[in-house]
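Q: Let me begin by handing over the structure; questions about it come next.
The values are calculated or read from the model by the stated rules, or taken from the named source; none is laboratory data. Keep in mind it's a predicted model, so treat the numbers as computed, not measured. We place every Cβ from the backbone using ideal geometry, glycine too, and count neighbours over all the protein chains shown.
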Amino acid sequence: MAFTYKGKRVLVTGGAGFLGSHLCERLLKEGAEVLCVDNYFTGRRAHIAHLIDNPLFEAMRHDITFPLFVEVDAIFNLACPASPVHYQFDPVQTTKVSVHGAINMLGLAKRLRCRILQASTSEVYGDPTVHPQTEDYWGNVNPIGPRACYDEGKRCAETLFFDYRRQHGLPIKVIRIFNTYGPRMHPNDGRVVSNFIVQALRGEAITMYGDGRQTRSFCYVDDLIDGMVRLMATDESVTGPINVGNPAEFSMLELAEAVVRLTGSRSEIVHKPLPQDDPRQRQPDITLARRTLGWEPTIALEEGLKRTIAYFQATL
Ligand code: NAD
Ligand code: UDP
Ligand code: UDP
């Protein structure tokens, strides 16, 4: 059976984060009652402050590595630091959030017999040897490197989701999110879009890691949230994993050029060493999302950057 949001109680873990706060907003617009659970490690109360007066919204401080007993109709599991700077700050905790967090949320879903969606990541593909990445590619992850706490944690979470499906018949959904950007990105969490914009606006040097020819595909946050909301509403037979991202691929040099142009900055590019295990290229194959969700991105990089730059201009 498909799912409609109106009148449903929906739990969003990591709801005060970048993606989570946009998701809470969107779910309220769909007529859902939203329970936002967050320990504010990388999230901020300011991201959800404008929702607090809404009688359909409730925020709860809680760390999902501990059990949670609430009554809801659906669970979006987003809690996990997402940028390398943050997830490498306390790598053991990062694995715990993904693994213990998933077990607790799956245990909750099992008791409630409700649907649950996991925010997985393109990082499960590691440094991919297949390009663009399709969902049936198993990935190329270094299990002992500095990114492993995040990549392997997310891979194990996917394993748990599919085992709860096989063992307990849970209605699960796994979305593999590719690099997403937009308002409410952390100004200093080290991700490339926020770094370049903040540096350009402050007239500081643009830090290019390596030669800048490595590529990424950047999805604007509203597009991503739309894909996520559609996936949760699909028939129970649809589990994913399903890639959601923008297939338009850019090198970091092209990104820097666009940011400098759109901000009118005079910042210059300085090269820094490429971090260990930094994937060379990444681009989603979104054939499955097009077919299953009727979804594709609608906001091009140029437009998304303009909106993101406006946000940073207003908040810096
Ligand atoms: P974010 O860091 O802004 O949000 C994560 C949220 O989870 C924060 O509010 C944080 O405080 C909260 N959190 C962390 N540990 C927690 C815990 N133990 N208990 C409760 N809350 C906890 O990151 P984001 O970009 O919004 O990412 C959200 C999700 O999407 C993450 O699971 C991430 O792995 C996934 N994702 C994001 C991207 C992206 O480009 N932004 C790409 C792929 C996957
Ligand atoms: N759990 C939870 N909320 C619930 C139900 C379970 O946080 O409403 C946690 C519970 O603490 C357990 C985990 O989810 O550690 C996994 O639950 P499951 O029922 O799968 O396993 P079991 O309790 O049998 O170990
Ligand atoms: N990057 C960069 N300068 C920065 C931050 C990042 O050149 O100031 C590069 C980074 O090495 C990577 C790409 O930009 O090749 C995307 O980095 P990000 O951390 O945003 O995402 P991820 O590597 O997780 O895809």
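Q: Count, please, the residues in the stretch 199-224 that happen to be within 16 Å of ligand 1 (Cβ to nearest atom), β-branched (Val, Ile, Thr) and surrounded by fewer than 22 Cβ atoms within 10 Å (Cβ to Cβ).
A: 1
Q: Among Tyr125, Tyr87, which is the only one that is under 22 Å from Arg165 (Cβ atoms), crowded, with 20+ Cβ neighbours inside 10 Å, of a type outside the set (Gly, Ala, Ser) and within 16 Å of ligand 3 (Cβ to nearest atom)? If you could, list the steps in order and put the result at the bottom.
A: On the way: Tyr87 fails: under 22 Å from Arg165 (Cβ atoms).
Matching residue, one of Tyr125, Tyr87: Tyr125.
Q: Identify, please: which residue in the stretch 53-69 is closer than 13 Å to Leu11 by Cβ and either exposed (fewer than 14 other Cβ atoms within 10 Å of the Cβ) or aliphatic (A, V, I, L, M) (or both) and is, among those, nearest to ligand 1 (Cβ to nearest atom)? Before you say what the answer is, go through the steps one by one.
A: At the first step, the residues of the stretch 53-69 found to be closer than 13 Å to Leu11 by Cβ are 57-60, 62, 64, 68-69.
So of that shortlist, the ones also either exposed (fewer than 14 other Cβ atoms within 10 Å of the Cβ) or aliphatic (A, V, I, L, M) (or both) come out as 59-60, 64, 68-69.
Details: Ala59: 11, Met60: 10, Ile64: 4, Leu68: 9, Phe69: 15 Å.
Residue satisfying both the conditions and the ranking: Ile64.
Q: Kindly list the number of the only condition in (1) modelled with pLDDT of 95 or more; (2) more than 19 Å from Pro241 (Cα to Cα); (3) in a helix (DSSP H, G or I) that fails for Val85.
A: (1)
Q: When the residues of the stretch 73-127 are filtered to those that are acidic (Asp, Glu) and over 13 Å from the mean Cα position of the chain (by Cα), which remaining residue is farthest from ligand 1 (Cβ to nearest atom)?
A: Going through the qualifying residues, I end up with Asp73.
Q: Let me ask you something else. When you scan the stretch 45-58, do you find a residue that is among the acidic types (Asp, Glu), farther than 23 Å from Pro241 by Cβ and touching a Lys or Arg at 6+ places or on another chain (Cβ under 8 Å), even just one?
A: Checked against the condition, which is being among the acidic types (Asp, Glu), farther than 23 Å from Pro241 by Cβ and touching a Lys or Arg at 6+ places or on another chain (Cβ under 8 Å), the stretch 45-58 yields no hits at all.
Q: Filter the stretch 233-245 for residues that are surrounded by fewer than 22 Cβ atoms within 10 Å (Cβ to Cβ) and under 23 Å from Thr298 (Cα atoms) and give the result.
A: Result: Ala233, Thr234, Pro241.
Q: When you look at Met60, is it more than 10 Å from ligand 2 (Cβ to nearest atom), modelled with pLDDT of 95 or more and out of contact with any helix residue (DSSP H, G or I) (no Cβ under 7 Å at 6 or more places or on another chain), yes or no?
A: Here the answer is yes, as Met60 does meet what is asked.
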